[in-house]
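A short worksheet on the structure shown next.
The values are calculated or read from the model by the stated rules, or taken from the named source; none is laboratory data. Here the structure is a predicted model, which is why all the values come from computation and not from measurement. Ideal geometry is used to build each Cβ from the backbone, glycine not excepted, and the neighbour counts take in all protein chains shown.
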Amino acid sequence: GGGPTDGPPENGVFSPQAAAAALPKDMPYKIEVVDEGSEPRARLAPKIDPKSEQKLNITLGLRMGGPQGMPNLDLGVSLKAEKPADKPKEGAGAAAPAASAAPTKVIAKVTSATLASMSIGGPPKELGDALAKLKGSALHYDLSPANVVSNHKIELAKGADPGLQPLLAALGEAITLVTPPLPDKPVGAGAYWMVTDRAVASGAQLPVLRYRVFKVEKVEGDVISLSVDTRQYAEGADLKLPGPNGEVTLTIDRLESSGKGTLAWSPSSFAPGTADASQRLQALLVPPGAGGQPGAQRSVAQVELTAKFAAPAAP
């Protein structure tokens, strides 16, 4: 019926109306502070030197369908601000406030890609060779003054296998997952806030309404240790996927998706310097035309994304 719903849907699938009520379509995200935490409190905001470079070693896992799937990957990633095409003249005072509200355009470049875990007998050489060609691929995205990631674009290196595109999408999802959108009020240790936004779940190409609760675990100088808990819900029961003869529409019967992570964020870095996060998604899908028949064959889509961020080991 009408009226507000009490909390998220039991089967993990919002009706389009309920999803629009939870987060109106024209709102990219919302941040709700649940607890401001203890004194001393400070307003958190990124202060990135546009000339700086952040190097990370990111171990990425993307498993689809079950425990098998890709071995974990070790990616060397370099994050920098893209240079603006034409810089406004210095001292154009009027442009200053607008500039501060503009997002930082970030480019995350893959500087190396290797297999992390050696399976028994070693991975097929072809896979190692294909991964090596990912070098030079990049992810472009915007980072807003509230530390919100948006507008992902994937740039595959020349000669890289297009089949590896999902790995770059997963890298983008991992960076987004552990980059904390920041509230516009001062917070201290113990503070927590909820971020609601829309995302596309890696590997499943499934549009979701995502809820992330970030909690300030401790504050050490300008390094803030946070934990994050994620829940994702389908936005509407229709899942449109490309089929051999055009698009097919499956029905999402149930969706369970949750994740958790820890991260250390500091205002001067593009992304957390250390992070450890995982996210699972399991969807029960009914094939087209089967409708709500109780005996209809359901298929299960399973995706697990894991990511660890660390500073590169000293050479």
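Once region 7-32 is narrowed to residues that are part of a loop (DSSP other than H, G, I, E, B) and closer than 26 Å to Leu182 by Cα, the residue that is modelled with the lowest pLDDT is Gly7.
Annotation: of all residues in region 192-221 being without any contact (Cβ under 8 Å) to a residue 60 or more places away in the chain and in a loop (DSSP other than H, G, I, E, B), the one that is surrounded by the most Cβ atoms within 10 Å (Cβ to Cβ) is Gln205.
Are any of the residues in region 284-304 touching a residue at least 60 places away in the same chain (Cβ under 8 Å), of a type outside the set (Phe, Trp, Tyr), in a strand (DSSP E or B) and surrounded by fewer than 16 Cβ atoms within 10 Å (Cβ to Cβ)? No, the conditions are met nowhere in region 284-304. Would you confirm whether any residue within region 234-247 is modelled with pLDDT of 95 or more, under 25 Å from Gly7 (Cα atoms), of a type outside the set (S, T, N, Q) and surrounded by fewer than 21 Cβ atoms within 10 Å (Cβ to Cβ)? Looking through region 234-247, none of the residues is modelled with pLDDT of 95 or more, under 25 Å from Gly7 (Cα atoms), of a type outside the set (S, T, N, Q) and surrounded by fewer than 21 Cβ atoms within 10 Å (Cβ to Cβ).
For Asp229, the conditions (1) within 24 Å of Lys25 (Cα to Cα); (2) modelled with pLDDT under 95 all hold with the exception of (2). Checking the structure you have, find out if any residue of region 193-204 is modelled with pLDDT under 95, farther than 23 Å from Phe270 by Cβ, more than 13 Å from the chain's Cα centre (by Cα) and not aromatic (Phe, Trp, Tyr). Looking through region 193-204, at least one residue is modelled with pLDDT under 95, farther than 23 Å from Phe270 by Cβ, more than 13 Å from the chain's Cα centre (by Cα) and not aromatic (Phe, Trp, Tyr).
Taking the criterion of being outside any loop (DSSP other than H, G, I, E, B) and of a type in the set (Lys, Arg), the only residue of region 132-191 that qualifies is Lys153.
Tell me whether region 138-146 contains one or more residues that are in contact with a Gly (Cβ under 8 Å, 6 or more places away or on another chain) and buried (at least 16 other Cβ atoms within 10 Å of the Cβ). Yes, there is a match, as at least one residue in region 138-146 is in contact with a Gly (Cβ under 8 Å, 6 or more places away or on another chain) and buried (at least 16 other Cβ atoms within 10 Å of the Cβ).
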